[in-house]
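The structure under discussion appears below in the form of structure tokens.
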């Protein structure tokens, strides 16, 4: 089905192929390790730079690891954006999201189980970190503003993903894993003090469910998924099909 220049499909035939299920499992594993890394030692509300760099580098490594297996979405908002842009099928998007949320809950639950009773999971004065503090939060009364920030910065991440996967953009022009990881670093530097900077429904859903802190979950999900729908509509007329600057006629090779 072709709508507004985009090709859409249910993808039912994919369900009978091994690469499809390999991709679903890849999304589960990728999101599982992402949450494992964030909750154990990467995301730190007390160290902005370490938390931002750790999260971005973790994403870069995971994208490089499973890109050829599943496309390395590792983010339900990215999967919905790719669906909205006609790049993946409806069934692939749905199963990817189920795998991502499953990996998020599994990774969060494992961290809680393994750290239960340790100094990591206690509120202490000597540097111990309570598990609940690793759940992204917005200031009470500031939820609408926080939702707007999540919308804007999730949109920036999705814009970069769409640009990286644009067929008009030569692969040799840059490293996709590194560029997406750097967007995550910048986003976390800006948002950790305000919203925790998840820009990823899987990043907030697993820890929120496992810890029982779901009161603000809706604000995160609305902001992030709204960006999934709106960003492709902005990207297409703005950047679709436009080659990188150095590939335009009259650019590069010393020409002005």
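Read-outs throughout are calculated quantities, based only on the coordinates presented, and are distinct from any laboratory measurement. On a predicted model such as this, the values are computed, not experimentally measured, just so you know. Every residue, glycine as well, gets a Cβ built from its backbone with ideal geometry; the counts of neighbours run over all protein chains shown.
Globularity index of region 10-243 is 0.98 (Cα radius of gyration / 2.2 N^0.38 Å, N = number of residues). Exposure proxy shown here: for 22, 92, the number of other Cβ atoms within 10 Å sets the order, fewest to most, as 22, 92.
Under the simplified labelling scheme, the residue 165-residue 229 pair shows an inter-label distance of 1.9 nm, with each label point 7 Å from Cα along Cα→Cβ.
Label point of residue 40 set 7 angstrom out along Cα-Cβ; within region 62-79, amide nitrogens under 16 Å from it belong to 62. In this structure, residue 15 and residue 113 have a Cβ-Cβ separation that, at R0 = 41 Å, corresponds to a calculated FRET efficiency of about 0.80.
Ranked by the mean number of other Cβ atoms within 10 Å of their residues, highest first, the peptides 200-212, 224-236 fall in the order 200-212, 224-236. If you plug the beta carbon distance of residue 140 and residue 67 into 1/(1 + (r/R0)^6) with R0 = 45 Å, you get a FRET efficiency near 0.70.
In this simple spin-label model, placing a label point 7 Å from the Cα along the Cα-to-Cβ direction at both residue 186 and residue 22 gives a separation of 3.4 nm.
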